[in-house]
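Below is one structure; the comments refer to it alone.
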Amino acid sequence: MNVFDFAHAFFADTAHWHGQDGIPTRVGEHFLYSLEAVGIAALIGLPVGLVTGHHGRGGNALASIATAARALPTFGLLVLMFTWFGFGLLPVMIPLVALAVPPILVTSYEAVRSVDPPPVDAARGMGMPEARILFQVELPVALPLMLGGLRTAAIQVVSTATIAAYVSFGGLGRYIIDGLAQKDYEKVVGGATLVVGMALATLGVFWSVSRVAVSPGVRRSG
Amino acid sequence: MNGFFDIPSDLQYGYFGLIGLHLREALLPVLAGLLVALPVAQLCVRFRWLYAPVFGVTTVLYAVPSLAFFVLLIDYTGMTETTVMIPLAVYSLVVLVPAIVDGVRSVPPETLAAATAMGLGPVRRYLQVQLPIAVPTIIAGLRVAAVSSISLVSIGMLIGNQGALGNLLNDAQIYHRPPLAVNSVLTTAVLGILVDAALVLVRTLLTPWMPRKGAVR
C-alpha cells in the first residue's frame, strides 16, 4: 500500500465523516484556530507595519523584532506555554500568533515604505491629511505586497496549527498525532492530506482576494 | 533552575551534542536548498516564463505542513534525520529562489554591458559580477530560511525523537521537568539569533564595497 491507498481508505471510511472526531468537526476547529491566530497577528502587525512604513523609520528595530520572533521555535513555545498555563486556547494562540506576526509586520512595513514617492508627494501637496495619504494613496499601492505577507502568515499558521493536537487540542493535527500513537497510518495520511488541502484552499482564497481587492491599475503595473 | 542543563540520558547526547545535532539538522537542508536554488534561479532569470510556475510549485510545497511532510516521508526514509531534513530543504526553496532571482535581476544592465565589454564570458560574468552583486539579497533570503529551519527542527521530535533540541520538550513532559522545555526554547531561539548574526557578518565580509550601515531586511 502506498500513501494514496492509505488516503483513499481514510476518506472512504464513513465513520470518519461525522461525530466529535469527524472530518467536518476537525476542519471547522482547524479553521477557527487559524482564523483567530491570523486575525490577532494582523491586528498587531498591520497597524505597526503601516505606521512605521508611512514614516519610513524604525526599520532596523522592526527587522530585529521579526528575527527574534522567527527564532522562537513554535513547537517548543507551544509545549512550554502548555506546561505553564495548562490546557486552554492561550497556549495554542501565543505560538501561532508569534509565528504569524513577523511576515505580516515586515511585509507591510516594506510595502508602504517602497511606495513610489511622487504620488505621495502629490497627495501631500494637494493638502491631503497624513491619515488619508496612508489609506487612500499608499495602502492601495502597497496592497499586493501586504496580501503576500498575510498569505505567508496564513499558510504557516494553517500548517502549524496541526501541532496544537500535541497539547490535547482539536483540529486536523488530531488525526496525525493520534494516528502516530495508534500506529494507524491511514489516519495519519488522511489528516496530512486534509491539512495540505486546507493550506492550498488558503492559497486559493488569497489569490481570489487579490484579484478582487487590488485595483486594476496597480495590478497592471505590478 | 535546578536541572536546567541536566540532560536526561535517554537522548544519548549532552547539551552541546544536541546543539551540534540541531545545527546540522537545520543548516544542511538550507545548504542543499541553496545548491538547488542557484541553478533553478539562474534558469528563471534566463527564461522569464519559467519563474511563475517555479514560484507556484515552491509555494504549494511550502504549504505542506512540516508534520504532514515528515509523516508522508516515513514510508520512504523511516524515522530518521533524513526525514526531517528533506522537508526543510524543500521549504528553504520558497525563500531562496525568489531571493536569488531578485538579486541577479537587480544587476544594472550597464554593469553587465561593462563586464561583456571587458571580455568576460557568460560563466565568468555570472560568477564574478552577477553573483557578488546579488549577495546581499541572497543572504537576506538565507537568513529567513536558516532561522525558520532552526525553529522547525524541533517538530522532528514527534517522529521518533528526531528533533535534536526539540527532544528536550518530550522529556520535559514525561519526566515532569518544565525547565527542560525552557532550555529547549531558549537555546533554539538563541541559536537562531546567532546564526542570523553570523550570516550578517558573512554578508559584510563578502561585500566590502557596501556602506557599513547596510540595507534593511
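Apply the Karplus curve 6.51 cos²θ - 1.76 cosθ + 1.60, θ = phi - 60°, to the phi angles in segment A:23-33 and return the couplings in whole Hz, x for Gly and Pro.
4, x, 4, 5, 4, x, 4, 4, 4, 4, 4
Can you tell me the relative contact order of chain A? Whole percent, Cα pairs under 8 Å, sequence separation 6 or more.
Working: 273 pairs, mean separation 57.2, N = 222.
Relative CO of chain A lands at 26 percent.
Please report, in Å, the Rg and the Dmax of chain A, where both are computed over Cα atoms only.
20.6, 69
What are the ³J(HN,Hα) couplings of segment B:101-115, residue after residue, when phi is run through the Karplus curve with 6.51, -1.76, 1.60 and θ = phi - 60°? Round to Hz, x for glycine and proline.
4, 4, x, 5, 5, 6, 5, x, x, 4, 4, 5, 4, 4, 4
Hey, rough spin-label estimate for A:Val205 and A:Arg219, points 7 angstrom out along Cα→Cβ, what's it come to in nanometres?
2.0
With N residues in segment B:153-217, what two-decimal value do you get for its Cα radius of gyration over 2.2 N^0.38 Å?
Working: Rg = 17.3 Å, N = 65, 2.2 N^0.38 = 10.7 Å.
The value comes to 1.61.
Among B:41-48, A:189-196, what's the highest-first ranking by average C-beta atoms within 10 angstrom per residue?
On the way: B:41-48: 16.4, A:189-196: 25.6.
Result, highest mean Cβ count within 10 Å first: A:189-196, B:41-48.
For segment B:1-99, what is the Kirkwood hydrodynamic radius in Å, using each pair of distinct C-alpha atoms? Could you put the intermediate results ahead of the total?
On the way: mean 1/r = 0.0647 Å⁻¹.
By the Kirkwood definition, the hydrodynamic radius is 15.4 Å.
How large is the translational diffusion coefficient of the protein assembly as shown in µm² per second when you combine the Kirkwood radius over alpha carbon pairs with Stokes-Einstein at 10 °C and 1.306 mPa s?
On the way: Rh = 23.1 Å.
Here the translational diffusion coefficient equals 69 µm²/s.
Using a Gaussian network model of chain A with C-alpha springs under 10 Å, which one of A:Ser210, A:Ser64, A:Ser168 is most mobile by mean-square fluctuation?
A:Ser64
What FRET efficiency comes out for the pair B:Trp209/A:Asp121, r = Cβ-Cβ distance, R0 = 25 Å, nearest 0.05?
Values: r = 31 Å, r/R0 = 1.25.
The formula returns an efficiency of 0.20 here.
How far apart, in nanometres, would the label points at A:Ala131 and A:Trp17 be if each is projected 7 angstrom from Cα along the Cα-to-Cβ direction?
5.2
Segment A:112-209: D in µm²/s via Stokes-Einstein (Kirkwood Rh, Cα pairs, 10 °C, 1.306 mPa s)?
Approximately 97 µm²/s, per Stokes-Einstein.
Subtract the Cα-Cα distance of A:Leu43 and A:Ser64 from 0.36 nm times their separation in residues, and report this length gain in nm to one decimal.
Working: separation 21, 0.36 × 21 = 7.56 nm, distance 1.96 nm.
Value of the extension gain: 5.6 nm.
Let me know the charge dipole size of segment A:24-172 about its Cα centre in debye, to the nearest 20, where only the beta-carbon of Lys, Arg (+1) and Asp, Glu (-1) is charged.
Details: 7 positive and 7 negative charges, 25 e Å.
With only Lys, Arg, Asp and Glu charged at Cβ, the dipole is about 120 debye.
Which angle from 0 to 90°, rounded to the nearest 10, does the C-alpha axis of helix A:185-213 make with the longest principal axis of chain A?
Long axis of A:185-213 versus the principal axis of chain A: about 20 degrees.
Values quoted throughout were computed directly from the atomic coordinates according to the rules given, and no laboratory measurement underlies them. Computed from a predicted structure; not experimentally measured. Here the Cβ is made from the backbone with ideal geometry for all residues, glycine too, and neighbour counts use every protein chain on show.
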